[in-house]
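Everything on this sheet refers to the single structure shown next.
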Amino acid sequence: MAWVGRRGWLLLSGLAALVPVVALYRCFGRGWSMHASKREPKDDEEEEEEEEDMHENTVAVGLDKEERERYHATLLLLKEKANAHFRAAEFDAALEMYQGCVDMCAALGADDAEAVQIDQVVRANVALVFLKLQRPEEARMLATFLLQDDTHPVEGDLKVKVLYRRGLASQALGDRESALCDFRAAVLFSPGEKNPAAEAAIAALSRGVGT
């Protein structure tokens with residue numbers, strides 16, 4: 001599982017208009033960087049990032065039960081602070097706090113089930129923040145990476161939310177068919193196949209509204 005690095009997040013949150021698509025793959029794609037490194041020579045920065053990943057894995061292995069519980073408590077606190085910023089429409093501050101969550105999850109490691117679950121929720125929230133910041137392309141790409149993660153599949157209500165948010169991103173980008181596909185999938189995976197928000201979006205697009 002690949003995690004968002006501090007440098008990558010600063011690029012995304014501060015220089016979104018200047019970041020090429022490949023930067024988003026490197027920041028948010030789970031496993032993409034590993035596959036790319038087999039095809040391309042590594043530069044010094046890539047080697048440095050790999051060293052950071054190795055250090056994070058070492059940290060995770062070295063944590064005892066009490067330390068891991070403290071990490072979990074701090075992680076939940078950071079997540080709640082990020083959510084509070086989001087509720088206050090302080091979206092840049094929310095992104096910064098969510099980045100702290102991602103870093104904490106990285107320290108806990110991919111074998112920590114609680115960290116993995118929180119990481120998925122945080123990334124889904126970041127997709128929503130991108131939508132609020134009118135950055136639909138980044139929202140759609142992040143949602144896509146979440147939905148395509150075979151190692152830790154997004155399931156249940158969170159999957160429905162991510163599908164709906166990707167649909168909103170596609171709608172904002174003028175991609176009507178992709179938006180309809182995701183809204184319909186959100187309905188399909190909802191309990192009882194009922195999702196008022198997604199159904200309303202489907203109806204609006206079918207009438208030509210929001211296209």
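Does the range 54-94 hold any residues that are at pLDDT below 95 and not in a helix (DSSP H, G or I), and which are they?
Those that are at pLDDT below 95 and not in a helix (DSSP H, G or I): 63, 64.
Would you check if residue 192 is more than 13 Å from the chain's Cα centre (by Cα), farther than 29 Å from residue 79 by Cα and surrounded by fewer than 15 Cβ atoms within 10 Å (Cβ to Cβ)?
So residue 192 fits the description; yes.
Name the single residue that is modelled with the lowest pLDDT among those in the range 193-208 being more than 11 Å from residue 176 (Cβ to Cβ) and assigned to a loop (DSSP other than H, G, I, E, B).
My answer is 207.
Would the range 95-118 turn up any residue that is modelled with pLDDT of 95 or more, crowded, with 16+ Cβ neighbours inside 10 Å and closer than 26 Å to residue 201 by Cα?
Checked the range 95-118: no residue is modelled with pLDDT of 95 or more, crowded, with 16+ Cβ neighbours inside 10 Å and closer than 26 Å to residue 201 by Cα.
Can you report the number of residues in the range 141-162 which are over 11 Å from residue 120 (Cβ atoms) and touching a Leu at 6+ places or on another chain (Cβ under 7 Å)?
Looking only at that region, the number is 1.
Can you pull out every residue in the range 116-168 that is farther than 19 Å from residue 198 by Cα and of a type in the set (Ser, Thr, Tyr)?
151
The values are calculated or read from the model by the stated rules, or taken from the named source; none is laboratory data. Given the structure is predicted, the values throughout are model-derived calculations rather than measurements. Glycine gets a Cβ as well: all are built from the backbone with ideal geometry, and neighbour counts include every protein chain shown.
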